[in-house]
Amino acid sequence: MSATLEAKIPAPPDIRARKGGVPLVMLTAYTTPVARLVDRHCDMVLVGDSVGMVLHGLPSTLGVTMEMMILHGRAVARGIERAMMVVDMPFGAYEEGPEQAFRNAARLMAETGAAAVKLEGGAHMAPTIAFLVARGVPVMAHVGLTPQAVHALGGYRVQGRGADGERIRRDAEAVAAAGAFAVVLEKLPEALAREITAAIAIPTIGIGASAACDGQVLVVDDMLGLFTGFRPKFVKRYAELGAAAEEAIAAYAAEVRARRFPAAEHVFSAEAPGA
Ligand code: KIV
């Protein structure tokens with residue numbers, strides 16, 4: 001067992017208490033087998049709405065539904081024994097107001113077993129975060145580049161450069177003051193991520209926001225080289241599983257066409273039952 005991991009599943013207050021300590025580790029997962037792998041090494045597993053792009057081939061996260069999040073959340077829960085599970089609230093499931101957000105957050109938690117939900121948005125979402133937290137829903141916030149606002153932001157651009165940094169700083173302070181137990185900082189300049197991390201009392205989890213954050217998150221298919229739709233600068237490829245899988249599939253196809261597969265060891269004989 002790694003010295004950095006807890007023996008029991010951490011709860012949101014345990015994650016919050018890790019501010020400034022050993023960096024928090026989070027990866028996404030959408031299926032049971034991947035959740036099992038991630039669970040052994042991470043503090044938190046995020047059932048991200050990136051599932052829409054990564055597994056369902058959607059052009060953005062906007063088409064992701066509550067039903068998709070519940071289906072994948074349940075699958076991930078079956079693979080988890082030690083990490084804390086966080087489920088993303090999909091676009092359209094919380095923006096109307098605190099009551100709508102509570103109804104859908106409660107459904108996500110009750111039907112998946114997640115310990116917390118994540119939602120996108122800064123100062124304008126603070127009243128909703130406070131409403132959820134007061135009713136027993138732990139919230140991970142997400143500021144900076146918020147992919148559900150891709151059209152409003154004009155693309156997946158770096159946020160908070162120059163004078164715009166003040167807006168992001170205020171967003172982070174607002175979600176922390178509203179009671180979020182942690183906040184994802186996406187695609188921010190390093191200096192701004194460092195400033196925000198020093199200024200707020202909850203852990204910052206960076207994605208494209210430098211090692212100055214209190215933890216890191218990546219989309220698991222990105223870092224494994226399985227999702228090749230596009231490759232942001234902040235993604236480090238720790239493996240090239242997509243290329244390895246394609247090589248294996250090509251070898252299978254060639255062997256089938258050449259009648260080299262199945263070979264003798266894959267064939268059942270009439271004489272040896274059970275073999
Ligand atoms: O949906 C997702 O995977 C995310 C992470 C990239 C932070 O929100």
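Each reported figure results from applying straightforward, stated rules to the coordinates on display, with no laboratory input. Being a predicted model, the structure only gives us computed values, none of them experimental. As a convention, Cβ positions derive from the backbone with ideal geometry for all residues, glycine included, and neighbour counts pool all protein chains shown.
Just for helices (runs of 4 or more DSSP H) wholly inside segment 4-105: which have at least 1 residues that are farther than 24 Å from Asp222 by Cβ and aliphatic (A, V, I, L, M)?
Filter on segment 4-105 gives 66-77.
So if I check each of Ala201, Ala191, Ala212, Ala239, which one is over 16 Å from the mean Cα position of the chain (by Cα) and either under 25 Å from Arg36 (Cβ atoms) or surrounded by 24 or more Cβ atoms within 10 Å (Cβ to Cβ) (or both)?
When all the criteria are applied, what remains is Ala239.
Tally up the residues in segment 146-188 that are in contact with a helix residue (DSSP H, G or I) (Cβ under 7 Å, 6 or more places away or on another chain), crowded, with 20+ Cβ neighbours inside 10 Å and part of a loop (DSSP other than H, G, I, E, B), please.
5
I need the full set of residues from segment 106-136 which are of a type in the set (Val, Ile, Thr), more than 16 Å from Thr61 (Cβ to Cβ) and buried (at least 23 other Cβ atoms within 10 Å of the Cβ), in order please.
Thr128, Ile129
Determine, yes or no, whether Asp39 is touching an Asp or Glu at 6+ places or on another chain (Cβ under 9 Å), within 15 Å of the ligand (Cβ to nearest atom) and either among the charged types (D, E, K, R) or without any contact (Cβ under 8 Å) to a residue 40 or more places away in the chain (or both).
So Asp39 fails the test.
Sort out which residues of segment 55-90 are among the small types (Gly, Ala, Ser) and over 24 Å from Ala180 (Cα atoms), and write them in order of number.
Gly57, Ser60, Gly63, Ala75, Gly79
State all residues of segment 122-144 that are away from the ligand (no atom under 12 Å from the Cβ) and in contact with a Phe, Trp or Tyr (Cβ under 9 Å, 6 or more places away or on another chain); if no residue qualifies, say none. Break it down stepwise before answering.
Initially, segment 122-144 is screened for residues away from the ligand (no atom under 12 Å from the Cβ), giving 122-139.
Correct list: Met125, Thr128, Phe131, Leu132, Val133, Arg135, Val137, Pro138, Val139.
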